[in-house]
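Note sheet for the following structure.
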Amino acid sequence: MDRSARAAKRLVEGSVPLGVLRFGLPLVVGMILHTTFNLIDMFMISRLDESTAALAALGICDMVAAVATILSNGVSTASVAIIARRVGAGDEEGVRRATHQSLLFVGALSVVFGLLGIFGSDFVIRVMMQAKGEAADLAVGYLQILMGGGFSIFFLLQITAILRALGHATSAAALLVGGNLLNIVLNVPLIYGPGPYPEVFAWGQPIAVALDIPRLGVEGAAWATLIGRTVPVLIGALLLARRGGGMGFSMAAFRPHWDELRTIFRVGWPSSAQLVLRILAVLVFISLVNAIYTSPDDQSALTAYSICLRLETMALFVGMGWGAAATSFVGMNLGAGQVARAKSAGWWAAAYNFGLMLFLVWIYLVHSDSIVGFFDDGPTTLAVGREYFRTVGLTYGLVGVAVVLSQAINGAGATLSSLVVDALVLMVLIPVAIYAGEILRIPRAHFWMLIALGNVVTAVGYIGWYWRGTFLNKVV
């Protein structure tokens, strides 16, 4: 029995609680480290001279660039659902075909997205996001690099998704962690150049001087991210060739197989649309904060919100770790005909994530000033951060449950179900937020309450839908 077969067997046999825990923990640890590295990235930016504008720019670009992650995630979700089912059913040729066609799909998407980033970043930042002043200037350059090199995130997420579907959770997590470690190492000389340097990063100065690297600031962080994603993509391709059960990468393997591409699109587009809706809501909120609660001379509210969003990714990414475990478990067990086991895996993953979220909420509530102040200790920034976590932070446990159950449903291939749940909530929440912000000019604290309410309603919707279990009958 080869390594992939042994990995698959662990998902369809034995204790479900222990199996989910064993498979999910490496993914969760990888996601935690991923967000930790992002916070280190933000810390480095916060030590630049133009730190307030730079942090605001980073917050805007993170959300816009997340569209690439969203589009890729749709294909990845479809791939995991399809590949895991075929692994569970013992269809090796189907596994190889789905793998090759999914990589072809994300390759085409990365070209389109890259061109948009190179030529459309100025319009996106200044017109769509209503960014002002120095924050807008910094954001445009950062976004052109990050979106222009969007191929790196498309292929990184796709390759790690394929590894998860084959049962190699540890390898997938290692690629994400390794890429982020490389990102941090490259950040230091690329951001600060010949200096000055914060003392903790002074080791990077001789490297920058020796290689004649200029002080690139925010754009240096973008280049480090691009390189830090590309290297694990190359390593991941080698791992797939070795562990994919005869997975080859010949030109013939990547000829379009239109029936397979249609299947990937059919399963994947609702997942992409679902996440587009979610990020659209965040982009609308950022735009409203920009328009209502900031001015060209005072962007403290946006800076605080940007910091909180970065910290919030810790909650979201931990949930995505458990959700990724649930996706693989559900898909593979449905392929093996074990419906009850598949449904149980989703509940267990959601329960593990809920416990972790409660711990994270406690940290954010008790230490909000220290955490936010680590990046920007301005009194307004601290006040907004405290206000946000005491309102929206209280719903993180439910957000975690919703994220996991959503991905468990997607693992069954029933991606349209998840889209419907999110759409019903956001189609109401977004117009209400725009009306409340632009027309009623509600206080900032009430604006956060709207976001928190949306989190609660979404979680209730997913719990009810998952309880019904109709998604388990989806044919992929």
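Structure summary
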| quantity | calculated |
| --- | --- |
| Failed item, numbered, when Phe155 is tested on (1) at pLDDT below 90; (2) surrounded by 20 or more Cβ atoms within 10 Å (Cβ to Cβ); (3) not acidic (Asp, Glu) | (1) |
| Filtered residues of the range 276-312 (kept if farther than 19 Å from Ala423 by Cα, touching a Leu at 6+ places or on another chain (Cβ under 9 Å), assigned to a helix (DSSP H, G or I) and of a type in the set (Val, Ile, Thr)) | Ile286, Val289, Thr303, Ile307 |
| Candidates Val127, Val106, Val140 - the one that is without any contact (Cβ under 8 Å) to a residue 60 or more places away in the chain and more than 30 Å from Ile434 (Cα to Cα) | Val106 |
| Among residues of the range 172-194, those that are surrounded by fewer than 21 Cβ atoms within 10 Å (Cβ to Cβ) and either in a helix (DSSP H, G or I) or modelled with pLDDT under 85 (or both), counted | 7 |
| Those residues of the range 369-395 which are in contact with a Phe, Trp or Tyr (Cβ under 9 Å, 6 or more places away or on another chain), at pLDDT 90 or above and surrounded by fewer than 21 Cβ atoms within 10 Å (Cβ to Cβ), in sequence order | Glu387, Arg390, Thr391 |
| Residues satisfying the stated conditions in the range 94-152, i.e. over 23 Å from Leu216 (Cβ atoms) and of a type in the set (Gly, Ala, Ser) | Gly94, Ala98, Ser102, Gly107, Ala108, Ser110 |
| Any chance Ala340 is buried (at least 24 other Cβ atoms within 10 Å of the Cβ) and either assigned to a helix (DSSP H, G or I) or in contact with a Pro (Cβ under 9 Å, 6 or more places away or on another chain) (or both) | no |
| Leu398 under 24 Å from the mean Cα position of the chain (by Cα), outside any loop (DSSP other than H, G, I, E, B) and either without any contact (Cβ under 8 Å) to a residue 40 or more places away in the chain or crowded, with 23+ Cβ neighbours inside 10 Å (or both) | no |
| Odd one out for Val29, checked against (1) of a type outside the set (Asp, Glu); (2) at pLDDT 75 or above; (3) buried (at least 19 other Cβ atoms within 10 Å of the Cβ); (4) under 30 Å from Ala304 (Cα atoms) | (3) |
| Leading residue by the ranking (surrounded by the most Cβ atoms within 10 Å (Cβ to Cβ)) among those in the range 195-235 that are in a helix (DSSP H, G or I) and charged (D, E, K, R) | Arg229 |
| Filter pass, Val457 being at pLDDT 90 or above, surrounded by fewer than 20 Cβ atoms within 10 Å (Cβ to Cβ) and outside any loop (DSSP other than H, G, I, E, B) | yes |
| Residue in the range 42-55 that is modelled with the lowest pLDDT, counting only those that are more than 18 Å from Ala202 (Cβ to Cβ) and under 20 Å from the mean Cα position of the chain (by Cα) | Met42 |
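The values are calculated or read from the model by the stated rules, or taken from the named source; none is laboratory data. Owing to the predicted nature of the structure, the values given are computational and were not obtained by experimental measurement. All Cβ positions, glycine included, derive from the backbone under ideal geometry; neighbour counts span all protein chains shown.
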